[in-house]
Amino acid sequence: VRVRPLTCTETRRGDRQVVRSLGDGTIHVSAARHDATFGFSAVFDAGASQEAVFEGSGMRQLVELALDGFSCTVFAFGQTGSGKTYTLMGPLAQSKTQPASPALLGLMQRSFACLLEQSRNRGSDLGLSASYLEIYNEQVRDLLSPGPPCTLPLRWSKTRGFYVENQLSVDFESLEAIASLLLQALNPTPPAGSQRRRTSAHALNTHSSRSHALLTVHVRSRAAGARASPPPTRVLQPSACPSKQGTLCFVDLAGSERVKETGSSGELSVEANNINRSLLALGHCISLLAKPRGKRTHIPYRDSKLTRLLARSLGGSGITLMVACISPSSRCLSETLSTLHYASRARRVTTRP
């Protein structure tokens, strides 16, 4: 759980701080008629640095597991304006010409640097490719395709599970190239990445994400000096240096929000309702997955596009980190409690990687 600082607007308005960390992964919420304590793997208060979140959340271990061939996912969840995109990507105002301070870089950029560091330490060659999708109004759109983002169908197969048909995957020669993709994503000028992602301004956030975004990095690693596979016409011998194929998926969820609090109407209201509906479906799946294995009923992954795409991460063979972002403001108490209860249920989910 990460608690963001009070904003200038909240301070001027006289909002009280109702959330505080007690240490050892414990967080306390104290307000009129509400007094609750929650326990998590780690809690980062308003003073925690981006580096502290990377090292203390287990993100470095996820990178190492992806290099070992595991399917790893990190997703940020919380109210709109709670700091999800900042935690994953760092400041919005960064570009190739105006890079962010290294201290402010998010989990994504730090993970890419860690991938490079680990591959060098292990003496392995890396093959990298990436795909970038958004779910907007229950439509899956490819953010890397040339031209306007195109809607793609979501399919199911026994071998692959749920997958996006005709999804564009881009090969990269270096980790710097993936970082460049992220800079394009944060830069509000065309042509590629999540500057094409839907965002809008409303009462709670001047740059609110109106879609769920999924950046998946496919990591193929092989020990340096390993021989290339012989032609298929020859008898194949077991390789002494087998390759490993893992994935590292970053999910920036759109913010949960109360429509009346944001002042949304028209198209913004439709977007908010679709966001809340998909997050509700995600919460329902998490609640059922948190039950003991013998007491589980059918897990309704098909209830939304989001839960279909996260099915393998939530209850399958993946390893998943959830970063729950919350506001300490008394005005956001209801959403903060909702996020903490949501995260408490997620903590009880066990996967079998």
Residue-span extension gain [residue 7 to residue 103] - 0.36 nm each, minus C-alpha spacing: 32.6 nm
The range 1-113 - Debye-derived log10 I(q)/I(0), Cα point model, q = 0.16, 0.17 Å⁻¹: -0.87, -0.96
Amide H contacts of residue 124 (H built 1.01 Å from N, under 5 Å, at least 5 apart or other chain): 224
Cα gyration tensor shape for the range 62-179, rounded if a/c is under 1.5, else prolate or oblate: oblate
Cut-off under 5 Å, modelled amide H: who pairs with residue 79 long-range: 256
Calculated FRET efficiency for the pair residue 291/residue 16, C-beta based, R₀ 25 Å, to 0.05: 0.10
20 °C / 1.002 mPa s Stokes-Einstein diffusion coefficient of the range 29-81, Kirkwood radius on C-alpha pairs, µm²/s: 155 µm²/s
Modelled FRET efficiency - R0 45 Å, residue 165 with residue 334, Cβ distances, 0.05 increments: 0.70
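Taken together, the values in this text are just the output of simple stated rules run on the coordinates, not laboratory data. Just so it is clear, the structure is predicted and the values come from calculations on it, not from any experiment. Quick reminder, even Gly has a Cβ in these numbers, built from the backbone with ideal geometry, and neighbours come from all protein chains shown.
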